[in-house]
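To start, the structure itself, in structure tokens.
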Amino acid sequence: MKPITISELLKQNINLHDVEVKGWVRTFRANRFIALNDGSSLQNIQCVVDFENTDENTLKRITTGAAVHIKGELTESLGKGQTVEIQVKSITILGDSDPETYPIQPKKHSFEFLRENAHLRTRTNTFSAVMRLRSALSFAIHQYFNNNGFFYVHTPIITGSDAEGAGEMFRVSSLDAKNPPLTEDGAIDYSKDFFGKETNLTVSGQLEAETYAMSLGKVYTFGPTFRAENSNTSRHLSEFWMIEPEVAFMDLAGNMDLAEDFMKFVIGYVLEHNFEDLEFLDARLQDEDKKKPQAERSEMTLIEKLRFVVDNNFKRVSYTEAIDILRNSKPNKKKKFKYIIDEWGADLQSEHERFLVEKHFKCPVILFDYPANIKAFYMRLNEDGKTVRAMDILFPGIGEIVGGAQREERLDVLKQKMAVLGIDEEELWWYLDLRKYGSAVHSGFGLGFERLVMFATGMSNIRDVIPFPRTPQNAEF
């Protein structure tokens, strides 16, 4: 007999038949009823033990967290809360769990406590739901790009360039930390290092993806990226995943079309395939909301937010128009914004982005044509000389979720921008080569995967949507 997952089992017609399941005990009550879960579903299946004819030592070993193998008969349940249950014929304890020390007891735990037990936190309903959704979103991303003729490129994790110009990178070195080789002027001599130069963990695969777009046409990366930013906030990680498509012969308008279509597809996918998990997380959020003051409660439920994205066309608004709207808005005039908008060129904050989405336009918004001085060097300069063909997608409850641009394809303009910012041409000689040999209009965008998972699950802390969070002073597990 082949073991079956609980998810599959609960979809069966209630025909009496022998079944075999393996999973972890959530609860065992009255020496008779096991709530068994195998991670395939939110739902437990009730397994009814004939305790009078079961070995006493076996009964003692059926504790919360124990792994068991059960054979029995699937029957219609007479109890409340489930349609079927298993009448146990045999039970084998595969792995014991000490009830005195097992951390994930059947009670409510704080998220802080569960982060300290990240190796076990997916034994809870909340985290199993979040991680199933993370998996589904990951699959949907690959499916979307595969369906649309993109090629998947694995860009390097170790790099000698800084795509963002941020300078906050993790150094990769094999030099002796206590006694590194030095140059004549006393600096560390990286020519003696493993790669013969100073190298770091990547902050983005975009620049390398551009090289492949300029030969394969449509490509995307989906891999880990790293920031050595000392930020202990609910929105920052030191290691996270990025999705970065790059497309040749596509301008800013095409980039906005692609990003909107992509976001609707992946969110639509989980609405269709993971609705049970979404309903659970939605109910959890609504319970949390009830404890907050009325002014702090969400105007939309989790599922309403997701449908808001899928069902609405994204409004496209220039940065200049958005600044005018914000400058003349009531929250700005009455100084309700934390950051008051008083001049063109300001970098928008989350409160401004959310106002545009939730209050003013009441739909997802794509802002475009940002001031050049607040955007990266590789974004195409507009004819006005002061804005670039950048675009950000803004969602309810979160603000910016996608950032992208048409890339600067003109060699002379790109060189000028790099010179102004002090970016060494020798370090990016290969990137400049793309503008020498068959340069063409091309565009792309970046999406922080964990930001997407936060939006889709309603989780408020980014550390709760990645299996093992890496943050300042924390590299446990």
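Which ones in the range 123-143 are over 21 Å from P106 (Cα atoms) and open to solvent by 10 Å² or more (accessible area, probe 1.4 Å)?
Looking only at the range 123-143, we keep the residues that are over 21 Å from P106 (Cα atoms), and these are 133-143.
R134, S135, A136, S138, F139, H142, Q143, listed by residue number.
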Do we find that S41 is open to solvent by less than 30 Å² (accessible area, probe 1.4 Å), over 29 Å from I462 (Cα atoms) and hydroxyl-bearing (S, T, Y) in this structure? no
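Only one of S174, S161 is on the phi < 0 side of the Ramachandran plot, open to solvent by less than 60 Å² (accessible area, probe 1.4 Å) and either out of contact with any Ser or Thr (no Cβ under 9 Å at 6 or more places or on another chain) or at pLDDT below 95 (or both). Can you tell me which?
Numbers: S174 fails: open to solvent by less than 60 Å² (accessible area, probe 1.4 Å).
One residue alone meets the criteria, S161.
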Residues satisfying the stated conditions in the range 311-323, i.e. touching a Phe, Trp or Tyr at 6+ places or on another chain (Cβ under 9 Å) and assigned to a helix (DSSP H, G or I): Y319, T320, I323
Filter the range 435-451 for residues that are open to solvent by less than 20 Å² (accessible area, probe 1.4 Å) and either among the hydrophobic types (A, V, I, L, M, F, W, C) or touching a helix residue (DSSP H, G or I) at 6+ places or on another chain (Cβ under 6 Å) (or both) and give the result. R435, A440, H442, S443, F445, L447, F449, E450
What is the number of the single condition among (1) more than 20 Å from the chain's Cα centre (by Cα); (2) within 17 Å of A35 (Cα to Cα) that S174 does not meet? (2)
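Kindly establish whether V317 is closer than 30 Å to S41 by Cβ, of a type in the set (A, V, I, L, M) and in contact (Cβ under 8 Å) with a residue 12 or more places away in the chain. Break it down into steps so the answer makes sense when it comes.
On the way: closer than 30 Å to S41 by Cβ: no; of a type in the set (A, V, I, L, M): yes; in contact (Cβ under 8 Å) with a residue 12 or more places away in the chain: yes.
No, not satisfied.
Working carefully through the options V68, V84, V19, find the one that is within 25 Å of K107 (Cα to Cα), open to solvent by less than 80 Å² (accessible area, probe 1.4 Å) and at pLDDT below 95.
On the way: V68 fails: at pLDDT below 95; V19 fails: within 25 Å of K107 (Cα to Cα).
Residue meeting the stated conditions: V84.
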If you go through the range 203-218 one residue at a time, do you hit one that is assigned to a loop (DSSP other than H, G, I, E, B), over 17 Å from G448 (Cβ atoms) and modelled with pLDDT under 95? no
Pull out all pairs, ordered by first then second residue, where Cβ-Cβ is under 9 Å, the residues are six or more apart or on different chains, the first lies in the range 367-387 and is within 17 Å of V402 (Cβ to Cβ) and of a type in the set (G, A, S), and the second is open to solvent by 40 Å² or more (accessible area, probe 1.4 Å) and at pLDDT below 95. A376/E164; A376/G165
State yes or no: is T101 surrounded by 14 or more Cβ atoms within 10 Å (Cβ to Cβ), free of Cβ contacts under 8 Å to residues at least 24 places away in the same chain, under 17 Å from T27 (Cα atoms) and not basic (K, R)? no
Before we move on, is R470 under 26 Å from T199 (Cα atoms), touching a strand residue (DSSP E or B) at 6+ places or on another chain (Cβ under 6 Å) and surrounded by 15 or more Cβ atoms within 10 Å (Cβ to Cβ)? yes
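So if I check each of T183, T126, which one is more than 19 Å from the chain's Cα centre (by Cα) and of a type in the set (S, T, Y)?
Values: T126 fails: more than 19 Å from the chain's Cα centre (by Cα).
Being more than 19 Å from the chain's Cα centre (by Cα) and of a type in the set (S, T, Y) holds for just one of T183, T126, which is T183.
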Could you look through the range 285-297, keep only residues that are open to solvent by less than 100 Å² (accessible area, probe 1.4 Å) and at pLDDT 85 or above, and pick out the one that is nearest to F395 (Cα to Cα)? L285
List the number of the failed condition for E427; all other conditions in (1) open to solvent by less than 10 Å² (accessible area, probe 1.4 Å); (2) under 18 Å from S204 (Cβ atoms) hold. (1)
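Report, by residue number, each residue of the range 419-462 that is under 26 Å from the mean Cα position of the chain (by Cα) and over 27 Å from F145 (Cα atoms).
At the first step, the residues of the range 419-462 found to be under 26 Å from the mean Cα position of the chain (by Cα) are 442-462.
Residues satisfying the conditions are S460, N461.
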When the range 1-42 is checked residue by residue, the ones that are touching a Leu at 6+ places or on another chain (Cβ under 8 Å), in contact (Cβ under 8 Å) with a residue 60 or more places away in the chain, within 19 Å of N274 (Cα to Cα) and not small (G, A, S) are L9, Q12
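Conditions tested, residue by residue: (1) within 23 Å of the chain's Cα centre (by Cα); (2) of a type in the set (V, I, T).
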position: V365; (1), (2): yes, yes
position: A372; (1), (2): no, no
position: M379; (1), (2): no, no
position: G385; (1), (2): no, no
position: M391; (1), (2): yes, no
position: I401; (1), (2): yes, yes
position: Q406; (1), (2): no, no
position: L411; (1), (2): no, no
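The values are calculated or read from the model by the stated rules, or taken from the named source; none is laboratory data. Nothing here was measured: the structure is a model prediction, and the numbers come from that model. As a convention, Cβ positions derive from the backbone with ideal geometry for all residues, glycine included, and neighbour counts pool all protein chains shown. Side chains included, ligands, DNA and RNA excluded: accessible areas come from the protein's heavy atoms. Shrake-Rupley method; radii C 1.70, N 1.55, O 1.52, S 1.80 Å.
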